[in-house]
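Have a look at the structure below before the remarks.
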Amino acid sequence: MLRPPVLNWASLWKRSVVLTHCPSKSVMACELHAKRLEGVDKNIWVEFTQLAAEYKVVNLGQGFPDFSPPSFIREAFCNALNGGASMHQYTRAFGHPPLVKILAKFFGRIVGREIDPMEDILVTVGAYQALFCTFQALINEGDEVIIVEPFFDCYQPMVMMGRGTPVYIPLKPRKSTGPGLSSADWVLCSEELASKISPRTKAIVINTPNNPLGKVFQRDELQMIADLCIKHDIICISDEVYEWLTYDGEKHIKIASLPGMWERTVTIGSAGKTFSATGWKVGWAMGPGHIMKHLKTVHQNSVYHTATAAQEAVAMGFQKEYDTFGTEESYFKQLPAMLHAKRLRLAECLRSVGLEPIMPQGGYFMITDISGLKVDLNDPSTKGEPYDFRIVKWLIKEKGLATIPVSGFYSQEHSGDFQKYIRFCFVKEDSTLKAAEDILKQWRIKQIWL
Ligand code: PMP
Ligand code: GLN
């Protein structure tokens, strides 16, 4: 039973003393937490990153490059650090001026409109914080937020912490078996999407290129979503952190660039993904000033701003990309070219051990159906967990290979249908991919000979 809070120092001190000496399930602990934390305490990244570290694995799990960012951006960071006292002090709360200016210039050219650097952009601690500010700023208790599945897992807890209600719609594979599967085969049903809209629908969240599937939404698919947003006066939250990573001629399209969508879209970006520097934690949200001002309210009252020198370096990086855009010198061209080869290599390896990958059109992940694997799952510590969670834990513990279970990217109501997939990350050194290949092939050979 929740007791009314007693806010005096003596009782707070007493509670903290009691807590440090009590098991976490004590009544004391239960009454301390805020209600909005209920149901959001589990996190696949915390769980699987910890497990991977414990077993010292070949890591194709968490999505980060195991190689360095390009030298121009590392030099930019060094220059920023040596660039004078101001680089080590606070900067403008909503984004370091050189960074918001170049982001506005860069993306203004892409969406074909003038972007106001001071009004329309908020620089955040990674795309994560941009997403958090968005949900906190826009979602009221009882608001419904439509989330396209599979989805980057944090959307769900972030909606719930805003006291909103997530409403899910899965992308569904057009064909269920056969060679040559592609993320392009996974589609949204427009009638089903329309049926999910209610008078309480406030926003729809899309992620293109998608994590974990790699789907790149096509213009007609985005137009269908845009038409519904406009018709029902819904905000679109578009997570585009993998925007430069598309393959085989696929083109990333910003939904904010479609007619009538800038006014109602918050676009999320990540310098971590853009420049292969996930640890820098620089991200942004971009959209019309009348929406962005609410995100800024959350930001100014929580984080205030992200590290000045990192923002300065990202600004320099974007300036270079602005100048070389579309040429062979552009990192936004070089990175997908490099990943294209790694993507083919991983796919070939999976096929060689009898797994059929779903070829991603974009991003740096690949999912594969593992229901054909013959594994004796007798680990009692994972009993009762979803099949893909058990397989991934088994792979970590028994084979020294880390991947990520795909049902973690689904709501509880739909996760049962997607437990047969696991996700591999291919933004890794060739030597890491080779080590993963060796593990898979060795295991396969043993299986054949058994
Ligand atoms: N969105 C998606 C789809 C992601 O995969 C990630 C993970 N990088 C994020 C947002 C968070 O990005 P960041 O590391 O910039 O916080
Ligand atoms: N976005 C990355 C992934 O999907 C990392 C997420 C995280 O570590 N929280 O693997």
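If only one of L355, L335, L344 is part of a loop (DSSP other than H, G, I, E, B) and of a type outside the set (K, R), which one is it?
Numbers: L335 fails: part of a loop (DSSP other than H, G, I, E, B); L344 fails: part of a loop (DSSP other than H, G, I, E, B).
Of the residues listed, the single one that is part of a loop (DSSP other than H, G, I, E, B) and of a type outside the set (K, R) is L355.
Which helices (runs of 4 or more DSSP H) does the range 26-138 wholly contain that include 3 or more residues that are touching a helix residue (DSSP H, G or I) at 6+ places or on another chain (Cβ under 9 Å) and within 16 Å of ligand 2 (Cβ to nearest atom)?
Here the list reads 44-55, 126-138.
Could you tell me how many of the residues in the range 46-56 are open to solvent by 30 Å² or more (accessible area, probe 1.4 Å) and touching a residue at least 12 places away in the same chain (Cβ under 8 Å)?
Residues flagged as open to solvent by 30 Å² or more (accessible area, probe 1.4 Å) and touching a residue at least 12 places away in the same chain (Cβ under 8 Å) within the range 46-56 amount to 3.
Any idea how many residues of the range 360-406 are open to solvent by less than 30 Å² (accessible area, probe 1.4 Å), in a strand (DSSP E or B) and either within 18 Å of G61 (Cβ to Cβ) or out of contact with any Pro (no Cβ under 7 Å at 6 or more places or on another chain) (or both)?
Going through the range 360-406 one residue at a time, the tally reaches 8.
If you scan the range 101-110, which residues turn out to be in contact with a Ser or Thr (Cβ under 9 Å, 6 or more places away or on another chain) and open to solvent by less than 40 Å² (accessible area, probe 1.4 Å)?
Listed by number, the list holds a single entry, F107.
Under 8 Å between Cβ atoms, at least 6 apart or on separate chains: pull out the pairs that start in the range 81-97 with a residue that is at pLDDT below 95 and end on any residue that is exposed (fewer than 11 other Cβ atoms within 10 Å of the Cβ).
none
Can you tell me which residue in the range 206-251 is farthest from H340 (Cα to Cα), limited to those that are open to solvent by 40 Å² or more (accessible area, probe 1.4 Å) and in a loop (DSSP other than H, G, I, E, B)?
By that ranking, first place goes to D233.
Could you check, for the range 317-328, whether at least one of its residues is surrounded by fewer than 21 Cβ atoms within 10 Å (Cβ to Cβ) and out of contact with any helix residue (DSSP H, G or I) (no Cβ under 9 Å at 6 or more places or on another chain)?
Going through the range 317-328, the residues surrounded by fewer than 21 Cβ atoms within 10 Å (Cβ to Cβ) turn out to be 319-320, 322-328.
Next cut, out of contact with any helix residue (DSSP H, G or I) (no Cβ under 9 Å at 6 or more places or on another chain) only: 323.
Checked against the condition, which is being surrounded by fewer than 21 Cβ atoms within 10 Å (Cβ to Cβ) and out of contact with any helix residue (DSSP H, G or I) (no Cβ under 9 Å at 6 or more places or on another chain), the range 317-328 yields at least one hit.
Which of the numbered conditions does K273 fail, given that it passes all the others? Conditions: (1) more than 16 Å from ligand 1 (Cβ to nearest atom); (2) in contact (Cβ under 8 Å) with a residue 60 or more places away in the chain; (3) open to solvent by 10 Å² or more (accessible area, probe 1.4 Å).
That leaves (1) as the condition not met.
Looking at the range 407-426, which of the residues that are in contact with an Asp or Glu (Cβ under 8 Å, 6 or more places away or on another chain) and part of a loop (DSSP other than H, G, I, E, B) is nearest to S371 (Cα to Cα)?
This residue is K420.
Taking the conditions exactly as written (within 12 Å of ligand 1 (Cβ to nearest atom) and modelled with pLDDT of 95 or more), does A285 satisfy them or not?
yes
Go over the candidates P98, P117 one by one and state the one that is in contact with a Pro (Cβ under 8 Å, 6 or more places away or on another chain) and open to solvent by 30 Å² or more (accessible area, probe 1.4 Å).
Details: P98 fails: in contact with a Pro (Cβ under 8 Å, 6 or more places away or on another chain).
Testing whether each residue is in contact with a Pro (Cβ under 8 Å, 6 or more places away or on another chain) and open to solvent by 30 Å² or more (accessible area, probe 1.4 Å) leaves just P117.
Suppose we filter the range 64-92 for residues that are β-branched (V, I, T) and either more than 25 Å from the chain's Cα centre (by Cα) or open to solvent by 80 Å² or more (accessible area, probe 1.4 Å) (or both); how many remain?
1
The values are calculated or read from the model by the stated rules, or taken from the named source; none is laboratory data. Predicted model, so just to flag it, every value in this text is computed and none were measured. Here the Cβ is made from the backbone with ideal geometry for all residues, glycine too, and neighbour counts use every protein chain on show. Calculation scope for accessible area: heavy atoms of the full protein, side chains included, ligands and nucleic acids excluded. Shrake-Rupley method; radii C 1.70, N 1.55, O 1.52, S 1.80 Å.
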